[in-house]
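Shown next, in structure tokens, is the structure this report addresses.
The values are calculated or read from the model by the stated rules, or taken from the named source; none is laboratory data. Computed from a predicted model, the values in this text were never measured in an experiment. No Cβ is skipped: glycine too gets one built from the backbone with ideal geometry, and neighbour counts run over all protein chains shown.
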Amino acid sequence: MRHPSLQQCATIILLAWQSLSLAAERVIPIDPARTDKPGFMVVIEAPGHYQLAGNLKVTDANTTAIEINADNVIIDLHGFAIQGATRCQQLPAPCWPLGTGNGIHAVNRSHVTVRNGIVQGMGNYGIYLESNSANLDHVVLSRNGHGGAVFFGGVISNSVAETNGGDGIFGVDLKVNRNIMRGNQLLGLAAHGQSSFSGNKLSANNGNAAQTNLKSAAAAGNTCNATACP
């Protein structure tokens with residue numbers, strides 16, 4: 001029996017690696033017309049890189065746009081928006097209608113990333129990620145009924161939380177870097193545990209009272225109503 005040469009073995013390994021790489025990089029489109037089950041428009045059940053193919057419109061304040069039931073998931077909004085029916089046009093008056101629907105929701109998951117788009121008008125929160133390694137980048141969270149984003153562990157960067165009906169960003173054990181938080185009904189940033197923030201701009205939150213519960217180091221570069229955060 002003839003055995004393959006070292007070169008042939010190397011070629012087989014390379015082809016297998018390339019196949020795995022292509023599979024890992026494959027983008028799975030999310031059809032905006034998708035309705036997986038009552039109360040949830042899109043349910044993610046497997047790891048992967050998912051990408052919106054258009055604006056995802058949610059007409060009910062109690063419906064969640066994207067529910068994540070898997071680890072190792074990337075949601076690329078691809079410049080599109082998740083659009084709910086809630087309006088917060090006259091803060092500090094309450095947003096209406098309120099509900100239980102979130103833009104993107106995950107509980108007890110790891111390695112979840114959301115990036116590149118807008119989440120607005122949800123009845124509950126724009127994004128709610130209960131994950132030990134969540135990442136939010138280049139996302140606008142606007143006019144969501146109970147708040148912009150809720151994170152339990154993770155990094156939020158290069159994003160905007162504005163005119164939400166609660167805190168702009170709320171969470172535990174967060175790293176919050178280079179974001180804008182403005183015009184939210186409660187705090188711009190409410191963070192607990194081992195949280196840190198740097199390079200953020202907070203303004204007109206909480207009726208122009210305290211902008212955040214965190215104390216800012218002088219070198220962190222955070223501003224509250226255009227002056228250094230205390």
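The table below gives the values:
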read-out	value
Yes/no for Leu189 being modelled with pLDDT of 95 or more, farther than 16 Å from Cys95 by Cβ and touching an Asp or Glu at 6+ places or on another chain (Cβ under 9 Å)	yes
Count of the stretch 118-133 residues which are buried (at least 24 other Cβ atoms within 10 Å of the Cβ) and in a loop (DSSP other than H, G, I, E, B)	4
Pick from the stretch 69-117, criterion over 14 Å from the mean Cα position of the chain (by Cα) and among the β-branched types (Val, Ile, Thr), ranking: surrounded by the most Cβ atoms within 10 Å (Cβ to Cβ)	Thr86
Matching residues in the stretch 16-32 - criterion: being modelled with pLDDT of 50 or more and either over 21 Å from Asn69 (Cβ atoms) or of a type outside the set (A, V, I, L, M) (or both)	Glu25, Arg26, Pro29, Asp31, Pro32
Listing of strands (runs of 3 or more DSSP E) fully contained in the stretch 34-83 that carry 2 or more residues being touching a Phe, Trp or Tyr at 6+ places or on another chain (Cβ under 6 Å) and either within 17 Å of Thr113 (Cα to Cα) or modelled with pLDDT of 95 or more (or both)	64-68
Checking Val172 against (1) of a type outside the set (Gly, Ala, Ser); (2) closer than 27 Å to Ser216 by Cβ; (3) surrounded by 17 or more Cβ atoms within 10 Å (Cβ to Cβ), the condition it does not meet	(3)
Number of the exception - Leu136 against (1) part of a strand (DSSP E or B); (2) crowded, with 19+ Cβ neighbours inside 10 Å; (3) in contact (Cβ under 8 Å) with a residue 24 or more places away in the chain	(3)
Test result for Asn184, in contact with an Asp or Glu (Cβ under 8 Å, 6 or more places away or on another chain), modelled with pLDDT of 95 or more and buried (at least 18 other Cβ atoms within 10 Å of the Cβ)	yes
Pair list, Cβ under 6 Å, 6 or more apart: the stretch 148-163 residue under 15 Å from Ile82 (Cβ atoms), other residue outside any strand (DSSP E or B)	Gly148/Asn164; Ser159/Asn179
Count of the stretch 196-230 residues which are surrounded by fewer than 19 Cβ atoms within 10 Å (Cβ to Cβ) and either at negative phi or of a type in the set (D, E, K, R) (or both)	15
Some residue of the stretch 86-104 being closer than 18 Å to Ile169 by Cβ and in a strand (DSSP E or B)	yes
Odd one out for Ser157, checked against (1) closer than 20 Å to Gly79 by Cα; (2) in contact with a Phe, Trp or Tyr (Cβ under 8 Å, 6 or more places away or on another chain)	(2)
All positions within the stretch 139-163 that are of a type in the set (D, E, K, R) and outside any strand (DSSP E or B)	Arg143
Count of residues meeting criterion [more than 24 Å from the chain's Cα centre (by Cα) and either under 19 Å from Asn184 (Cα atoms) or aromatic (Phe, Trp, Tyr) (or both)] in the stretch 216-227	3
